[in-house]
1. Checking the a/c ratio against 1.5 first, then a/b against b/c, what shape does the Cα gyration tensor give for chain B?
2. Given a cut-off of under 8 Å on Cα pairs at least six residues apart, what relative contact order in percent is computed for the stretch C:35-131?
3. Sort C:384-390, A:394-400 for me by packing, meaning the mean count of neighbouring Cβ atoms within 10 Å per residue, highest on top.
4. Just rank C:282, C:46, fewest to most, by other beta-carbon atoms within 10 angstrom.
5. Enter the mean projected area of the convex hull around the alpha-carbon atoms of the stretch C:80-140, in nm², rounded to one decimal.
6. Would you work out the relative contact order for the stretch A:222-317, in percent, from Cα pairs under 8 angstrom that are 6 or more residues apart?
7. Using the count of nearby Cβ atoms within 10 Å as a rough guide to exposure, how do C:547, C:78 rank from fewest to most?
8. Order the peptides B:107-114, A:153-160 from the highest to the lowest mean number of other Cβ atoms within 10 Å of their residues.
């Protein structure tokens, strides 16, 4: 059997460094495609010896796209390690900042990273298949997209002074209040962004209609689904128990993040710096699950804001109430969540406690160990800290959103490669679809390996003797 | 006059500097009138034009063999190289890996972590890059403009790029020189 | 005076000034790191290098004396390049990760110095050698990675505090900031005064509680007075969003020279007791929330239902003068109730006032402690009860200060002295007699007296041998010595001091004790149970006697900020503001009035002792006088020498 290998490196319009190798059979069909995450940073180790109170500033440097997730997960872990539960207003303010992040991150991904594929086409010229091309193709929409992201970033900077790597949450609460003027500034821009979120939903619905065949054959496969829930099992992004659903949609577990080790383990493959988390009781790979927008909407019963809940009903009807398995529906789910986040901003801003100055609990009863969990834009993020009596970390474990989706991304890459790549004359558009199998998950590989990266694309085709026969580059 | 070509890439950083670039918001549209954005992590060209670009921007420090390749290629293909952000300029938080060393960090991440199962091993596929001592970009290649910050502000990035686009060397000082 | 030229501008400075002084007087500046105006110049960081015409090399301006005719230039290519080089070396030596440092973005002198030189990067890559982080101390963290070896902390600890806990081991770039002989800070001789943290220019010493709560510029700074003991240290209370964040010593005011002790700096921030949020009344054995009107009416009813002598009233000295005045006026002057006391056991202020009334003013101000050649310390544990005053003697004890310490227990104030005589006991009359014998060289009695007190004659001779010739002899008197029953010894001591020209300083216990004494409060009178017991505890504590007296009383009214054994047994609890939640006057041992500015707005429901008294007074048809100031000032003048 003659085997060829194609390398896609770097994969672009995702966060982090990854590459894809496609191993091809003699007949030009794909034998297997691998998704390699190509970077490693080592936060678990080098944070040892640092202080719990520094982690809210160190760990956001894992990822500049969703620094707030790490900032807040680190603060939540710190709350438990130091035994200082935050007062209610502090939790509301943290959640508000988080909603800002959900809006900016989801908005940016949908319009600026995935958007070029959806709006310009998978086969568009790679030289213009980007946000600049989008500006030229639809300037009005692009401006709306830019403002959606700007709105999210503005919430973050209103609270944390800066939109990237803010200083806001500390164990026990947050370090500054929201002023009435600040609240009004946010409120002033909210209506427009609700409209943009709805526009996004319309765009993806129309796109799905027009591309039904692609949607139905592009990486459709079953997994479990995992994420945080409200007490009534609704969509929750800031704090709650973790719910795990089976591939057929039955509830498998509801557990506290503090006990995550009883339920989640990670598998290692030699060909990736990204580990593969799975549900322990089912083992690997049977116990794999998806997180992030698709995982969350499959996992929750309802959404506690009205407009997003109406959309959720439409989403749930796609597969008659059974989990939606199509990878491309990630985009749809992402826009529903954006709408939820915008609605949630209003709920939070209307809460009388949001302007309170009771924002920090300085009374500490250290426990020495704590887990902080949050639904980052890309999925469930777990920070697990153990500290000595002085609050210095002795052990750090991080399971990051994108990691949970590692198996799904690998599977999607393999499926899409098999579906769309046919040798020997491999076209760029085929490879872009493989990249999109990853891109749809909105991975953050910096997060997941606590390394950073990107996925530009280069494909090398080798013959069975390892000789380079063809190189494709974009 | 043709617009100057600008290419960017990210090494061992967090993408935050590129996000700060996006924080220019509507000014991005203005910027695209001034410069021709070529390969970047948010566009689809995979590497700087072989024929060269006018300005190369690198975010992140050098942390593995792949970063080294990318940095060397960028230097070779650009006229002016900008080190963007604290990681590119100083090494940044990822450089803290130098304390325990990459081996100890790999061992912790892939073998010792509490959630890692019996399959734990240090990934060693030849497809993967190899970690190296983390250092700033200027340790490997000559850097022409240093723009520190974690992340540098959108204003600072816009200033540097628009100056370069108009053929001037930017002066990074005052509010634009903020390491955070 | 010395005349020189800085950057072409002539300037005249005092003899003994440094070039740096001259530069600043001339209106220029050079950056500094190791230099601190309160510390002896050290010249280690070299950032202040300047060009001096005729000098072969650049000169460190913070240590080189200004000389007549010097021509100094601060901003030449040579000095600029030297500064950049020095900063590059400092950054390369340790691990300065600004992005997650608490001091970043404005609070770090090192970062500011780099900005001032327009440094955008470090030309020399750090070695990434990890240094020790010592987090064992409950109040602050020592991160050697961020240390620039300027030794400002070590100098503050030794030169100013006189504790000498901090020091360095190893040499050169491997130098490590350590405590004692390299023990964890939390287990060291550190007295947790935190002055090292205030003096640190970088993030090497970080205040635990205020870390990441905001930059200096994010915080509201309120100048106020500490009232924990009788020194009245000037401090800056730093708040954000009405939340107490940090307290620092005020560098620009007060005798304390920016120094604070643990009680002044950390105790209010570390406060962990539970606040009382609403007035409460006991019904069916349980405390229940009620309105202020109900609570105050219930108290009025009790007052009316009882004869004056059935009421006893007690107030904490941790109250502003206004409250002490009103309390005394209300209970003692108007109602003439059975007992009106000031809580606490320190009678120094009262005894001293009594003595002064008899023999005239004799006290000197606290500043005489800063410069003396012999210190006689009688009946006070300065390091424990008046720490900052203790710092001033401790730091001189490292040099040639002669110390005679008499106290019933060992005190640490003389631990660094090699010139110390210590008497452990309580026979203060004998101690004063001994001093008199030494002062007048009454040789005949000396050996018997020394033997009687168990003192080594040789050492005593060394310390007290020429008392009369001492130019700067200071006698410090505190609570054990100044008890009412020791009045004769006290009188004798003051007479002796007058004879030999010694200064007498009295340390007057807690809070507003001095003002309390001047109002005529009973002090250290054991509180007695009464049918109605009014306890204005405020944010303070009270002793077991008071608790027992309260327990034995019928109707118990407790005005307190925090839940305690006192509030638990009360019939009425009134939630009370804490010191930093009110504006009010404070009288320190010196007799100086200081105004404490309110730094925090109390939560709704809290009222000050004074406000409550005003309401109670109006319910009784009384108006309380607010004219306490003239009387206080007049009385102080009869006690403290001007």
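Coordinate-derived values only; no laboratory data. All values reported here derive from a predicted model rather than from experimental measurement. Glycine also receives a Cβ, built like all others from the backbone with ideal geometry; neighbour counts cover every protein chain displayed.
1. Details: a/c = 2.19, a/b = 1.83, b/c = 1.20.
In terms of gyration-tensor shape, prolate.
2. Numbers: 93 pairs, mean separation 23.7, N = 97.
With pairs under 8 Å counted, the relative contact order is 24 percent.
3. Numbers: C:384-390: 25.9, A:394-400: 22.4.
Top to bottom by mean Cβ count within 10 Å: C:384-390, A:394-400.
4. Details: C:282 15, C:46 19.
By the 10 Å Cβ count, ascending, the order reads C:282, C:46.
5. Details: hull surface 19.8 nm².
Mean projected area for the stretch C:80-140: 5.0 nm², to one decimal.
6. Details: 162 pairs, mean separation 28.8, N = 96.
RCO, the stretch A:222-317: 30 percent.
7. Values: C:547 17, C:78 13.
With the sparsest Cβ surroundings first, the list reads C:78, C:547.
8. Working: B:107-114: 19.1, A:153-160: 23.5.
Highest-to-lowest ranking by the protection proxy: A:153-160, B:107-114.
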